[in-house]
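Quick notes on the structure that follows.
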Amino acid sequence: MNKFLKKMLMPLLITSSFATALVSCGPTENPDVPTETLRDLEATVTFWTNFYQEPQIEWMDQKVAEFNEIYPNIEVVWEKSGDYPDIKSAVDTVINTPRQLPSLAVCYPDYVYSWLEQGAVVNFDDFMSNSEYGFGKTIDDEGNVIDDSSTLSSDMSSAYISDGQQFQEEGTYSMPFARTSEVMYYNGDVFKEKGYAVPTNWSEMITLARQMRADFPEIFTAENTANAGEGAVAPIGYDSHDNMLITFARMMDVPLSGNEDTNGNGHLDKEEAVLFNNEKMVQMLEMIKGWYDEGLITISPTLVHSDPWEHWINEPFTSQTSFMVLNSTTGASWCATDDFVPEVAAMPAIDDSILSGGEVSAERADVMSQGPSVCMFNKGEDENLASWLLYKFLTNTENNSELSLLYGAAPIRESSYKEDNIVEIMESPAPTTGDGNTDDSTAYMTAGIYNIYGEYTSNNQAFIVTPSLFSSNIRDNLGNALLEVLHSNLSGSELTTFIEETLARAYEAC
């Protein structure tokens, strides 16, 4: 038992009349209030985050101060640890040295799979259900345990919680922090000027991209390097090529990954998990390569071949040398400037009929439901308890509404949508561009994003990539294979053979 909880529960063993007297204190108080309370818990919590924007930094500092008003003896040390892959790399580096691990870390659920295999992460189940400090409980100024409607488990989507329950061991090994997805940002001014219809599927997207090249020959030329160094701009941009491959594969029924023990040997083998080395994936990559060579679509790593991550897809979009961008909902603020505010639309549909020139069904408009999630590393019972208290505080109704806006993400609590700041955003008018104020622009775009989240939810469009020990390698190696294909100068049968060989190498690397 937690040594702190042992001290908390000791007075309860002295006399049962003490507990009986406490029952009459009112329905919101826990009947087993110990002499020593959670306010006395002493621990240091280290939290590795992907916060890097100034409003996020200010928010986290403010929340730590508010948390310390409730739990004055818990020191919170939070760090700006880079983006998701940076945090994963940092954890992997110290995974065998527990004292160097953080208490909590922002993560994707599939990262947790390997950390769980190494026994490093903690099951949240007992924390969630505990009658003293679980969901739906907090403490008052005297340290008494009281009900807290802002942290009820029933207010949090069970689908979001189930993200952290798809691992090789029973339990909950990651918890939702906020939820992001992908949308299409488009240049509303250009669409209005030319009378373009907003595409709802990728057949329409590609047809429109060809029309844009014809309508704007001065922009879409091989020589145009206005923003991209060595690379040419294109009407369509996709920020995350990894996400593009995963989303396309989902909608086109292209085998990608699995996590079923079909061999029945008690563990997941590579041939059960890594499925992308197949003929349909070859066809899909040939299709994307054809679009790329035609100058219809580009991705962030191809903007500058010699330095793939020097530029990002929002740059040609905001400079208006690209007119449609598929990007994360967290990218809203990066897709607008003082002088330019895009419109937002849902993810266009695609299915495998596009491979043979058939009509794409609008029903296949699936979108990824992504992190951020949070996992807890095993740092000892007091530190683990303090970490849980911090997580629960940061995701209560009020704080979750604030956090979701900072992330450009959907709240994980239904009650957060009723908070004044969310309601105000949803009622935001269209901004006046060119006034030097991007706050209104971001609010307007976020309102559009939240409406699209409503569509995704009501249409059951969101999907979760099931994690496995191979998930991260599949994403990385398949993404690298696409880059090799796009950078090649091959076509026809030579291209097909090259793609087959590239996928085979990617499979071996997993």
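The values are calculated or read from the model by the stated rules, or taken from the named source; none is laboratory data. Predicted, not measured: the structure shown is a model, and the values here were computed from it. Here Cβ is always computed from backbone atoms with ideal geometry, including for glycine, and neighbour counts include all displayed protein chains. We work out accessible area using only protein heavy atoms, side chains counted, and drop any ligands, DNA or RNA first. Shrake-Rupley method; radii C 1.70, N 1.55, O 1.52, S 1.80 Å.
Farther than 29 Å from Ser491 by Cα and among the hydrophobic types (A, V, I, L, M, F, W, C), is that true of Ala362?
yes
For the condition open to solvent by 30 Å² or more (accessible area, probe 1.4 Å), free of Cβ contacts under 8 Å to residues at least 24 places away in the same chain and either among the hydrophobic types (A, V, I, L, M, F, W, C) or more than 22 Å from Ile246 (Cβ to Cβ) (or both), Gly357 qualifies. Condition first: closer than 30 Å to Glu169 by Cβ and either modelled with pLDDT of 85 or more or out of contact with any Leu (no Cβ under 9 Å at 6 or more places or on another chain) (or both). Can you find one or more residues in the range 494-506 that meet it? Within the range 494-506 (the criterion being closer than 30 Å to Glu169 by Cβ and either modelled with pLDDT of 85 or more or out of contact with any Leu (no Cβ under 9 Å at 6 or more places or on another chain) (or both)), the answer is yes, since at least one residue qualifies. Within the range 458-503, the residues that satisfy the criterion of being open to solvent by 20 Å² or more (accessible area, probe 1.4 Å), within 27 Å of the chain's Cα centre (by Cα) and over 22 Å from Ile299 (Cβ atoms) are Ser458, Asn459, Asn460, Gln461, Ala462, Ile464, Thr466, Leu469, Phe470. Each residue in the range 406-431 was checked for being open to solvent by 40 Å² or more (accessible area, probe 1.4 Å), more than 22 Å from Asn68 (Cα to Cα) and touching a Pro at 6+ places or on another chain (Cβ under 9 Å), and 2 of them qualify. I'd like to check something: does the range 98-111 contain any residue that is in contact with a helix residue (DSSP H, G or I) (Cβ under 9 Å, 6 or more places away or on another chain), open to solvent by 40 Å² or more (accessible area, probe 1.4 Å) and without any contact (Cβ under 8 Å) to a residue 12 or more places away in the chain? The answer is yes; a qualifying residue exists.
Counting only residues that are crowded, with 21+ Cβ neighbours inside 10 Å and farther than 17 Å from Leu208 by Cβ, the range 335-351 holds 4 of them. Evaluation of Val91 against the conditions (1) assigned to a helix (DSSP H, G or I); (2) under 28 Å from Lys137 (Cβ atoms); (3) modelled with pLDDT of 95 or more shows that the sole unmet condition is (2).
The range 149-262 holds helices (runs of 4 or more DSSP H) entirely within its bounds, and those carrying 3 or more residues that are open to solvent by less than 40 Å² (accessible area, probe 1.4 Å) and at pLDDT below 95 map to 241-252. Within the range 267-323, the set of residues being modelled with pLDDT under 90, surrounded by fewer than 17 Cβ atoms within 10 Å (Cβ to Cβ) and assigned to a helix (DSSP H, G or I) comprises just one member, Asp293. Would you please list the contacts, defined by Cβ atoms under 8 Å and residues six or more apart or on different chains, that run from a residue in the range 370-398 that is farther than 20 Å from Glu69 by Cβ to a residue that is open to solvent by less than 10 Å² (accessible area, probe 1.4 Å) and among the basic types (Lys, Arg)? Here the result reads Gln370/Arg179; Gly371/Arg179, each pair linking the range 370-398 to a residue that is open to solvent by less than 10 Å² (accessible area, probe 1.4 Å) and among the basic types (Lys, Arg).
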